[in-house]
Amino acid sequence: METFEEFVKRILTILFWLIIILPIIIFPILFLVVGFLGIDVIIVNEILTAAIDPLKAIKLAERYGLGFSSTFFKIAVFPGFTFAALVATLTILYERKLMA
């Protein structure tokens, strides 16, 4: 029988090796495919950088028309936010009823 500590150690070991191995495999394949297909490397570099830096991600999204004022952003974000607020409100009201 495996304990919880052994389970966590195993998961962390797997994550560690994935973090080490995946970039070694993915980045060469990515740049070979980018070069082979003739995609501009600067765009790929901007996308990879935007995945790490939120300010660059916002600028990149606004440049492609997906910023905060775009229709896509409003359709994607606000229904989810409204649903989350509704669920939170119902949960709070239900818990208050249980405590009363």
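The numbers here are math on the coordinates, done by the rules we state, and not lab data. All values derive from a computational prediction rather than experimental measurement. Here the Cβ is made from the backbone with ideal geometry for all residues, glycine too, and neighbour counts use every protein chain on show.
With the convex hull built on the Cα atoms of the chain, state its orientation-averaged projected area in nm².
For the Cα atoms of the chain, the hull's average projected area reads 12.4 nm².
Under a straight-distance cross-link criterion of Cα-Cα below 22 Å, which lysines are reachable from K59, leaving out those fewer than 8 residues away in the same chain?
The reachable lysines, counting only those whose Cα sits under 22 Å from K59, are K74.
Based on the Cβ-Cβ distance of Y64 and V87, what FRET efficiency does E = 1/(1 + (r/R0)^6) give at R0 = 22 Å, to the nearest 0.05?
The computed FRET efficiency comes out at 0.10.
Could you list the GluC sites (Glu not before Pro) in the stretch 1-82 that lie in coil according to DSSP, counting only those with at most 12 other Cβ atoms within 10 Å of their Cβ?
Passing sites in the stretch 1-82 are E2.
Can you compute 3J(HN,Hα) from phi for each residue in the stretch 43-54, using the Karplus curve 6.51 cos²θ - 1.76 cosθ + 1.60 with θ = phi - 60°, rounded to whole Hz and x for Gly and Pro?
Working through the residues one at a time gives 5, 4, 5, 5, 5, 5, 5, 5, 5, 9, 9, x Hz.
Could you work out [θ]222 nm for the chain from helices alone, using -39500 (n - 2.57) per DSSP H run of at least four and dividing by all its residues? Round to the nearest 500 deg cm²/dmol.
My calculation for the chain gives -28500 deg cm²/dmol from helical runs alone.
Within the stretch 37-91, report the chymotrypsin sites (Phe, Trp or Tyr not before Pro) that DSSP leaves as loop and that have at most 11 other Cβ atoms within 10 Å.
Y64, F68
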